[in-house]
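Contents: one structure, followed by commentary.
The values are calculated or read from the model by the stated rules, or taken from the named source; none is laboratory data. Since we're looking at a predicted model, the values are computed, not measured. With ideal geometry, Cβ positions are generated from the backbone for all residues, glycine too; neighbour counts draw on all protein chains shown. Side chains included, ligands, DNA and RNA excluded: accessible areas come from the protein's heavy atoms. Shrake-Rupley method; radii C 1.70, N 1.55, O 1.52, S 1.80 Å.
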Amino acid sequence: MNDKNQTTSSLNMSANQQKRKWRKTNGGAGEELANEVIGTLNKDSDDLAYEQAEWEAPVTFDKYPTPPFPVNVFNEPIRSMVKHVAESIQTPIDLPAVVGLGILSTCIQKKFEARPKLGWHEPLNLYNVSLLDPSTRKSAGFSIMEEPIGQYEKERREEMELVVQNRQAERTALEKRKEALQREYAKDQNPEYLEEMKEANKRLQEIPPLYLPTIKIDDATPEAIVSGMNQNGDKISLLTSEGDFFGRFKNKNVDQIRYDVYLKPYSGDYMRSDRITRDTEIVEKPTMTICVTAQPSVIKELPSSVHERGLMARFIFSIPNDNLGHRDSRAPEIPVDITDSYHSFIRKLLAWETEEAISLKLSEDALDLLYDTMDEVEAEFRENGAFHDDLKAWAGKLIGNLLRIAGLLHVSYQATKAENITDVDTTISKETLASAFQLKEYMISHAEKAFGVMKKNQDYDDAEYLLEKILNQNSPIVEKQTIHQNTKKKIKGKERMQQAYDILEYHSYIQQTYGGKSGKKGLIWVNPSALKNTKGKKEYHNYPNKAKALENTVTGEGEKETLVSPNNPNNTVEVDVIEQKEERQGSPTTSDSHKNPEKNNLINDYYTTSNDGYKVEKI
C-alpha cells in the first residue's frame, strides 16, 4: 500500500473507527509534530469547528484600577480607628476612611477655612460618597464611625431641652399678649395699647427662637435642609448610610428639584427660601457636609441635569473593590481604648466654637507645592489628557477639594495638642499639604470609575455578570443551557438574556453557535484571549504551548498503530489506538464531518497526501 492510499484509508474510517482515541507511546525527534496530529485525531467536530473560528481581541468593558485609601494621612486616634473598624467588620479600609473624612468635615466646618492667597478661600466642608456592593457591611462601618457625633448631639439636645422649652413659652406668652393688645387697640385706639405692643415686639426681637441643636440629618427634604441650617448656625451635615439622597433626583421634573439647596452650601453662597405657608428663611453663608454610603447602582441613570448643574462634580468618590469571599469570621473586636480615644477626640472637635471661621494660610514652601500641583493638574485638561469630557467639571474642583482636606488634616493634627480652638496654629505646613495631596491619585482613579458607572446601564451589568459565569466554566466551549441555569435568578427573561449575549459577542468575548449531536444545541465559543488568565482552563491548539495543549489522557488499551513521520530518524512513531465511547457531535460548520472525513476541511488541511505529511500504518 503506497503512502497516498494509506492516508486515504485512514481518513475514510467508519464512524466507529473515528471514535477511537490515540495515545503516543514512543516519541523521538518528531514527538511534537506527532502530538499535534494525535491531538487532532482525538478531537470531536465541535472542537475542530472552534479551532477554525477567527477572533479579534476582546473590546474590554471599562475597568478602572483603584488604589486603596492611603490611611496614613490621618493622625491618631483616627488612623487606628479606621484600621480597626476595617479589620473588625472585614470591610475595605476605604469605607471607614472616607466616612472619617466626612466626620472631620462635620466637626470642623464653619470653624476654619483655607485661604491660600488673597481672594481665594475654601470652606472646610466636603461632599463624599462611598459606593460598595450589597453585603459589604456599609451600614455597620458607617454607624461605628458616626457614633460619637450621634452621642454628642443627643447629649446636647438633652441639655438644651428645658432651655428651649422655656424660651418658647416666653415667646408664646408675648405673642398671645400682642394678639390681645391688637384686639383692644382696634376697639378704642388707646395709645397705651400701642406702646405696649411695641414693647412686646422689642422683647420678642431680644429673645429669638431657640432650637434643639441638630448636627446631622438623614433623609431630609430640601426645605428641611434649609431649616436645619437656619436653626443651627448656617450649617448642617447630611450623613446617611442609604442611597435615598440620590434617589431624590430621579423620576422628577427638573423644575421640582431644588438644586440650589445642594449646590450653594458647598461654597457658602447666599440662599433664600420663600414659601407661602411659612416665613422666608435666609441663610447668609450656608455650609453643608454630605457623607453617603450606598450601592453603586444609586448613581446610575441620574438625570442629565444633575451633571449639568454640577452637583456630581462636587463629590469625592470612593468605589473600592470588595473583599467578599475573603473575610475572616474570627476578626478581632475593636479595642476599647481605641474606641474611647476616637470618641474623645471627635467630641473635642465638636465642642470647639467660634463666631467667625478662622482663616488658615499656607507656608511659603506649601504654597510652592500647591502651585506645582496646580500646574500638573492643569496640563491634564489638554487634548488627550486625563481630564476628558466626563471628568472636566469634576477635575475643576480637584485642587479645591484637596485644599479642604489639607485644612481638615491640619486642624486634626493640631487638635492632638491644642486644648482650645484659639491654640490652633493657623499656618498649614508643606508636610500637611503633601499628606493631603497623597489623595490626588486616589480621588482621580475613583472618580474615573464612578463616572464610568454612571454611564453604564442594566444591559452592560447583565453582560459583565454573564461573562463572569461563562469564564468560570474554564472551557472554550460552553453550553448555553448551563449558563442559563447559573444566571436565571439574576437575568430574568429571554430577551434580557439574549441582549447580554449579544453585547458579549459585539465585544468579541464570545461567538454564539449551535452544535452537539443534533447540531441544534446552543453553544458559546469563548475567545481564547479571554481564557488565557483563567485557571484550570481547557487548552486548545491556538494556545502558546501546543505540546501541553494537545496532551491526551489514556483511558484504555487498543490495537497499536504507527504514525510515519518524515522528520523521525526511524520514520515511525508507535502509538496506541484506544476505543472512545463518546460519540462525536456535529457543529454548525462541520456537522457531517464524522460521516464523510473527505469533506472536513480542517482534517484535509492537517493531513495531506504529500511526502511531508503524516501517514498512518497498521503494524
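Tell me the Kirkwood radius of the range 391-462: reciprocal of the mean inverse pair distance over distinct alpha-carbon atoms, in Å.
14.4 Å
Determine the per residue accessible area of the range 395-445 with all protein chains present and a 1.4 angstrom probe, expressed in square angstrom.
34 Å²
Grab the beta carbon distance between residue 279 and residue 520, set R0 = 56 Å, and tell me the FRET efficiency rounded to 0.05.
Result of the calculation: an efficiency of 0.15.
Given H placed 1.01 Å from N in the peptide plane, which residues other than close sequence neighbours of residue 360 have an amide H under 5 Å from its amide H?
Result for residue 360 returns 113, 114, 115.
Just the number, please: Stokes-Einstein D of the range 302-423 in µm²/s, Kirkwood Rh from C-alpha pairs, 10 °C, 1.306 mPa s.
85 µm²/s
At residue 300 and residue 270, where each label point lies 7 Å from the Cα along Cα→Cβ, what is the point-to-point distance in nanometres?
Here the answer is 4.3 nm between the modelled labels.
Express the accessible area of the range 458-532 per residue in Å², computed with a 1.4 Å probe while the remaining protein chains stay in the model.
Value returned for the range 458-532: 51 Å² of accessible area per residue.
At a Förster distance of 25 Å, what's the computed FRET efficiency of residue 307 paired with residue 506, Cβ-Cβ distance as r, to 0.05?
Calculated transfer efficiency: 0.40.
With +1 on each Lys and Arg Cβ and -1 on each Asp and Glu Cβ, and nothing else charged, work out how big the dipole of the range 119-218 is about its Cα centre, in Debye to the nearest 20.
With only Lys, Arg, Asp and Glu charged at Cβ, the dipole is about 160 debye.
With only alpha-carbon atoms counted, please give the Rg and Dmax of the range 458-532, in Å.
11.5, 35
Put a dot 7 Å past each Cα toward the Cβ at residue 260 and residue 55; how far apart are the dots in nm?
Roughly 5.9 nm, to one decimal.
Roughly how far apart, in whole Å, are the Cα centres of the range 355-420 and the range 466-519?
If you average the Cα positions of each part, the centres end up 48 Å apart.
Quickly rank 385-397, 462-474 as a protection proxy: mean count of other C-beta atoms within 10 Å, highest first.
Sorting 385-397, 462-474 by mean packing, highest first, produces 462-474, 385-397.
How large, in percent, is the carbon and sulfur part of the accessible surface of the range 458-532 at a probe radius of 1.4 Å?
Roughly 45 percent, rounded to a whole number.
Quick one: if you stick a label point 7 Å off each Cα along the C-beta vector at residue 323 and residue 231, how many nm between them?
4.1 nm
Show the residues, 5+ positions off or on another chain, whose built amide H is closer than 5 Å to the amide H of residue 290.
Residues meeting the criterion, in which the H sits 1.01 Å from N, are 126, 127, 128, 238.
Using a 10 Å cut-off on Cβ atoms, rank the peptides 508-514, 172-178, 142-148 from the highest mean neighbour count down.
Top of the packing list down: 142-148, 508-514, 172-178.
When the Cα atoms of the range 71-454 are enclosed in a convex hull and the volume is divided per residue, what value in Å³ results?
Roughly 169 Å³ of hull volume per residue.
Which of the peptides 492-499, 288-295 is most tightly packed, and how do the rest follow, judged by the mean count of other Cβ atoms within 10 Å per residue?
288-295, 492-499
Can you give me the % of accessible surface on the range 71-454 that is carbon or sulfur? Probe 1.4 Å, all protein chains present, nothing else counted.
46 percent
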